[in-house]
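Report on one structure; see the data block that follows.
The values are calculated or read from the model by the stated rules, or taken from the named source; none is laboratory data. Note that the structure is a prediction, hence the values are computed from the model and not measured. Cβ atoms come from the backbone with ideal geometry, glycine included; neighbour counts cover every protein chain shown. Note: areas computed on protein heavy atoms with side chains; ligands, DNA, RNA excluded. Shrake-Rupley method; radii C 1.70, N 1.55, O 1.52, S 1.80 Å.
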Number of protein chains: 2
Amino acid sequence: MKKKIVVIGGGTGVFTVLSGLKNYSTDLAAVVNMSDDGGSTGILREEFGILPPGDIRRALVALSRSDNKILSDLFNFRFNKGAGLTGHNFGNLMITALERITGDFASAIHEASKILSVDGRVIPVTLNNSKLYASLEDGTLIKGETNIDIPNHDGRLKIKKVWLRPGAQINPKAKKAILDARAVIIGPGDLFTSIMPNLLVAGMKEALRASKAKKIYIVNLMTKFGETNGFSAEDFIKVISDAIGGESLDYVIINNKMPSLARLKKYAEEKSLLISHGDLPPKPTPIVGDFLRNRELIRHDPDKLAKTILSLI
Amino acid sequence: MKKKIVVIGGGTGVFTVLSGLKNYSTDLAAVVNMSDDGGSTGILREEFGILPPGDIRRALVALSRSDNKILSDLFNFRFNKGAGLTGHNFGNLMITALERITGDFASAIHEASKILSVDGRVIPVTLNNSKLYASLEDGTLIKGETNIDIPNHDGRLKIKKVWLRPGAQINPKAKKAILDARAVIIGPGDLFTSIMPNLLVAGMKEALRASKAKKIYIVNLMTKFGETNGFSAEDFIKVISDAIGGESLDYVIINNKMPSLARLKKYAEEKSLLISHGDLPPKPTPIVGDFLRNRELIRHDPDKLAKTILSLI
């Protein structure tokens, strides 16, 4: 029987993990953040009242088995012309149109999955329409994921707390996937804006605790100014552990491979630094090694992650 | 060997003929009007400088072999919300995005055909970007298909002449399809705005004359105020015969079945009347009969047309 693996997150992090694991014989489900409110997604949320399609789209593309490369290019295509179209992503428009046609978001994802020949499931973490809020250490309140993500606040101030309003309930399909899974992978991804919104959903902590799955958290490679400025690996792990309950994580995957200075340079301009670690406690079990891809942007290598994950479960 | 049939036209007329013929074992090509400049298509033409996607889309849907009904619903979906999206048709947006991704219109149609599992070919009548012009009997000049189609001119005035500017050359693929065909079907469709723009393309008349195909013109069911006000079947046939050369048509298909008065009533409100015929000359051979579908809008019955066409070739 194929190993059931659930990947929880949002943005490119989910894409990386899924696109690595899909090359092995696994039964994959992506549980995806529903708090995105920026760009094309934000406009569609506001104008159509739908759940955010952006992270759903990335997960669908990651799980597509179609050998038609144009289809994923199309799904990721962003209009850069046209008074009303500029900035809109084609895949987001498709999910929106399918939601109108079928009458609900889950059916829209199902139909988009068929068109893209998706092998696996993409599950919104919640079906409730909520916004993400954050409070900073100086008491500043920030409303909306985009405003936290692309800070117009002082990026050196630490985020003290994030929450969803109105409160959101876990999607029963996400709960079932987690309960049935052999492994649950959390991250990588923007800690407060892509990962935490999943863990804040009511019922998520309980589902993770009740599940017999190995729970593996993949620590980010780089800090993000305004969100995780100055964070060490331990800081990341603490935020996640506090959110889901101290004993719940089994493994944490931490990169210790140094990228070239040339690759680090453009990150430095954005005050984004390589994440390091000190003395790690024995629990959750740290898996420290080279998880870096060799070229271009500093990202995890999908295959290195997949191999490590499969060796742990 | 399958019978090669080319259908020339635009709008819902092409859709009707193709969706009838596709149920028989035929090798179908649609040669499609490229002068549409209204609505979603007009905006995309203006903003992206592409050829008009609207009639291409209708032909693609007609030829789709996909058993996924949602896919054709999606392709025909029109956004009715959103500041920038309202009025845009999803299929048009897909063709536009594919044109950007692949770099040309023909490849975009090819890729859209793959996604929709199209059996047959959809061929723009020209690859030149032209506008349709018309002059009325009082000398008024009208620019743009939409302005002819949805007249803000006096609808009782006859259209004296239509032409393309800049002049357009026949697409070599359209020419080849016509030369190779066993039958070429012209119409039905709006005479001056969907059918004639195809025949005005330089090289079309010569291709039709050089082809050994049987040439069959399907006369419309109803007149259109502002375009064919007061036209008889003979008037339609004369416009087509004059455009392609007197001897070129082999058959003309004319409906003589009267719809119910209830069905005619809403057309009367738009000054659209049932087309009748008087004494028809023996050439082109008139095929007069019941070609009406039984329900809803007054349209040709796709299967009645298909059966008659196949009996003639």
| said: Consider the stretch A:196-214. How many of its residues are touching a residue at least 60 places away in the same chain (Cβ under 8 Å) and among the small types (Gly, Ala, Ser)? | reply: 1
| message | Looking at the stretch B:1-15 only, could you name the residues that are part of a loop (DSSP other than H, G, I, E, B) and within 13 Å of the chain's Cα centre (by Cα)? | response | B:10
| field | Residues that are in contact (Cβ under 8 Å) with a residue 40 or more places away in the chain and within 10 Å of chain A (Cβ to nearest Cβ), drawn from the stretch B:63-85 | value | B:66, B:71, B:75
| said: Go through (1) out of contact with any Leu (no Cβ under 9 Å at 6 or more places or on another chain); (2) open to solvent by less than 70 Å² (accessible area, probe 1.4 Å); (3) not assigned by TED's automatic domain parsing to the domain that holds residue B:210 for residue B:150 and report which single condition fails. | reply: (2)
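Which ranges mark the helices (runs of 4 or more DSSP H) fully within the stretch B:135-241 that have 3 or more residues being modelled with pLDDT of 95 or more?
B:172-180, B:196-199, B:204-210
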| field | Matching residues in the stretch A:255-277 - criterion: being in a loop (DSSP other than H, G, I, E, B) and open to solvent by 40 Å² or more (accessible area, probe 1.4 Å) | value | A:256, A:257, A:258, A:260, A:270, A:271, A:273, A:276, A:277
| request: Would you check if there is a residue in the stretch B:42-55 being over 26 Å from residue A:115 (Cα atoms), more than 10 Å from every other protein chain (Cβ to nearest Cβ) and open to solvent by less than 30 Å² (accessible area, probe 1.4 Å)? | output: yes
| said: For the stretch B:171-195, give me each residue that is open to solvent by 20 Å² or more (accessible area, probe 1.4 Å) and free of Cβ contacts under 8 Å to residues at least 60 places away in the same chain. | reply: B:172, B:175, B:176, B:179
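Quick one: would you say residue B:122 is at pLDDT 95 or above, more than 7 Å from every other protein chain (Cβ to nearest Cβ) and farther than 30 Å from residue B:165 by Cα?
When the stated conditions are applied, residue B:122 does not pass them.
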| task | Taking only the stretch B:60-80 into account, find how many residues are more than 15 Å from residue B:39 (Cα to Cα) and touching a helix residue (DSSP H, G or I) at 6+ places or on another chain (Cβ under 8 Å). | result | 13
| Any idea which of B:66, B:40 is among the small types (Gly, Ala, Ser), in a loop (DSSP other than H, G, I, E, B) and farther than 21 Å from residue B:220 by Cα? | B:66
| For residue A:85: the one exception among (1) part of a loop (DSSP other than H, G, I, E, B); (2) surrounded by fewer than 19 Cβ atoms within 10 Å (Cβ to Cβ); (3) among the hydrophobic types (A, V, I, L, M, F, W, C) | (2)
| query | Residues of the stretch B:89-116 being open to solvent by 10 Å² or more (accessible area, probe 1.4 Å) and away from every other protein chain (no Cβ under 11 Å), which ones? | reply | B:103, B:104, B:105, B:106, B:113
| field | the stretch B:196-245, residues that are under 21 Å from residue B:14 (Cα atoms), open to solvent by 20 Å² or more (accessible area, probe 1.4 Å) and among the basic types (Lys, Arg) | value | B:205, B:214, B:224, B:238
| task | Name the residue, out of B:28, B:18, B:60, that is more than 9 Å from chain A (Cβ to nearest Cβ), open to solvent by less than 40 Å² (accessible area, probe 1.4 Å) and part of a strand (DSSP E or B). | result | B:28
| message | Here's a check for you: in the stretch A:288-313, which residue that is assigned to a strand (DSSP E or B) and free of Cβ contacts under 8 Å to residues at least 60 places away in the same chain is nearest to residue A:216 (Cα to Cα)? | response | A:288
